[in-house]
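Here's the structure, in structure tokens; my notes come after.
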Amino acid sequence: MEYTQNALAEVIRQIPSPDKEIMDEIYRQWDKKAKPLGSLGRLEDIVAALGGIYGTVHPSTGKKGVIVMAADNGVVAEGVAQSDYHVTTQVTCNMTCQDATVSILAHMNGAQVFPVDIGMYEDVTCPGIIDRKIRHGTANMAKEPAMTREETLAAICTGIEIVAELKEKGFCFFATGEMGIGNTTTSSAVASVLLDCPPETVTGRGAGLSSEGLSKKIRTIKNAIHDRKPDPKDIVDVLGKVGGLDIAGLAGCFIGAARWRVPIVIDGFISSVAALAAVRLAPTCRPYIFPSHCSAEPAGKMVLEALGMEPYIYAGMYLGEGTGAVMAFHLFDTALEAYNKIPEFEDVHIEAYEHLK
Ligand SMILES: Cc1cc2ncn([C@H]3O[C@H](COP(=O)(O)O)[C@@H](O)[C@H]3O)c2cc1C
Ligand SMILES: O=C(O)c1cccnc1
């Protein structure tokens, strides 16, 4: 696709609605199951939502992929993170040899990890990293816009393309992840603008920052928003001025998943900020997006609330990479197993309890 505003608008225009009739039919099927009505709670909603997305009353999750957008952030020069681009490189390379946390958790949850170099500072030659580099890290948003509008659109469109390419290869259920030192600073800046909340409310310690570091991080975000003046009504402007290539790329993944009719799961804080940006850009992508866990970053819950989503898992995690999202895969498979295997009332002769239906 062309990496332009018009091409993006066309993809958004083509997002289909989930099939409402199939969703209604799945709820009717649930009501016949030999268990108290509605007693599988949100697991019942998951199956209905998946059925509506896939267009079948017998949904299954199929091949699962974790798309990890890896990019560096110029703002790290301000001392807002505990480490630097070397860690982005190392952890992303580790994803290709099963040494990163997300690789371990993805393996046990039956998913394949796809690290995408959308803007790492270093050029890496690790086989297994998808090279879609737009630039070598962003500029320092404390001094200038993190990236141009063209680069931001390129990152969003790259996310859309990655989903399309993986769907071509048979992947039909996605989790989102990211790797990029400094990306809790950019995510907090974007969250501050999109939620219209002061930086001190939405900013946390990221991968483990001292109290002094946290004050510097908040000051840096405040000044960057003041100086760059991102327009909250123009999401591409916000992502470009105070965001990052990873956040923009993930926003594209959410839009792409909706366009290509596949479910996609949010991970932690960075991923949920990207989901919020995607939904603000394209409200019709919302039904294709599922929450997983609630990040322990201060704005983790706030961003999900702005999306109207309640996380399934509260585990106090703040790791990123897609680790929380892959954990939730198990929940989706559990919901489908229950739907497919629980017998109906009439099969197990529970007519005596007619009132349960
Ligand atoms: C060894 C290591 C592995 C990680 N895996 C994910 N992150 C997480 O921490 C980073 C964001 O935090 P901050 O904004 O404070 O840099 C991201 O790369 C995120 O994925 C990691 C961070 C570290 C240090
Ligand atoms: O919640 C997250 O995604 C997160 C929080 C801190 C550091 N890295 C990721």
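The values are calculated or read from the model by the stated rules, or taken from the named source; none is laboratory data. Model, not experiment: these values are computed from the prediction. Don't worry about glycine lacking a Cβ; one is built from the backbone with ideal geometry, like all the others, and counts go over all protein chains shown.
Determine, yes or no, whether K216 is under 21 Å from D72 (Cα atoms) and within 15 Å of ligand 1 (Cβ to nearest atom). Walk me through how you get there before you give the answer.
Values: under 21 Å from D72 (Cα atoms): yes; within 15 Å of ligand 1 (Cβ to nearest atom): yes.
Yes; evaluated as a whole, the condition is true for this residue.
Could you tell me whether any residue of the range 124-137 is crowded, with 19+ Cβ neighbours inside 10 Å, in a strand (DSSP E or B) and not aliphatic (A, V, I, L, M)?
No, every residue in the range 124-137 fails to be crowded, with 19+ Cβ neighbours inside 10 Å, in a strand (DSSP E or B) and not aliphatic (A, V, I, L, M).
Give the residues of the range 262-278 that are within 15 Å of ligand 2 (Cβ to nearest atom) and not in a loop (DSSP other than H, G, I, E, B), sorted by residue number. Step through it out loud before you land on a result.
Step one: list which residues in the range 262-278 are within 15 Å of ligand 2 (Cβ to nearest atom), which gives 265-277.
Within the range 262-278, V265, F269, I270, S271, S272, V273, A274, A275, L276, A277 meet the criteria.
Of all residues in the range 155-171, which are within 24 Å of H330 (Cα to Cα) and crowded, with 19+ Cβ neighbours inside 10 Å?
I162, V163, L166, K167, F171
Given the criteria outside the structural domain of T185 (by TED's automatic domain parsing), aliphatic (A, V, I, L, M) and either more than 21 Å from the chain's Cα centre (by Cα) or assigned to a helix (DSSP H, G or I) (or both), does A106 qualify?
No.
Would you kindly identify the helices (runs of 4 or more DSSP H) lying entirely within the range 173-261 that contain at least 2 residues that are surrounded by fewer than 20 Cβ atoms within 10 Å (Cβ to Cβ)?
Once the helices (runs of 4 or more DSSP H) in the range 173-261 are filtered for at least 2 residues that are surrounded by fewer than 20 Cβ atoms within 10 Å (Cβ to Cβ), what remains is 199-202, 211-228.
Check whether at least one residue in the range 295-309 is within 14 Å of ligand 2 (Cβ to nearest atom), buried (at least 24 other Cβ atoms within 10 Å of the Cβ) and at positive phi, and report yes or no. Outline the logic, then answer.
Initially, the range 295-309 is screened for residues within 14 Å of ligand 2 (Cβ to nearest atom), giving 295-304.
With buried (at least 24 other Cβ atoms within 10 Å of the Cβ) added as a condition, the list becomes 295, 297, 299-300, 303.
Subset that is at positive phi: none.
No - not one qualifying residue is present in the range 295-309.
What's the total number of residues in the range 311-330 that are assigned to a helix (DSSP H, G or I) and surrounded by 17 or more Cβ atoms within 10 Å (Cβ to Cβ)?
Of the residues in the range 311-330, the ones assigned to a helix (DSSP H, G or I) are 323-330.
Now restrict to residues that are surrounded by 17 or more Cβ atoms within 10 Å (Cβ to Cβ): 323-329.
Final tally of qualifying residues: 7.
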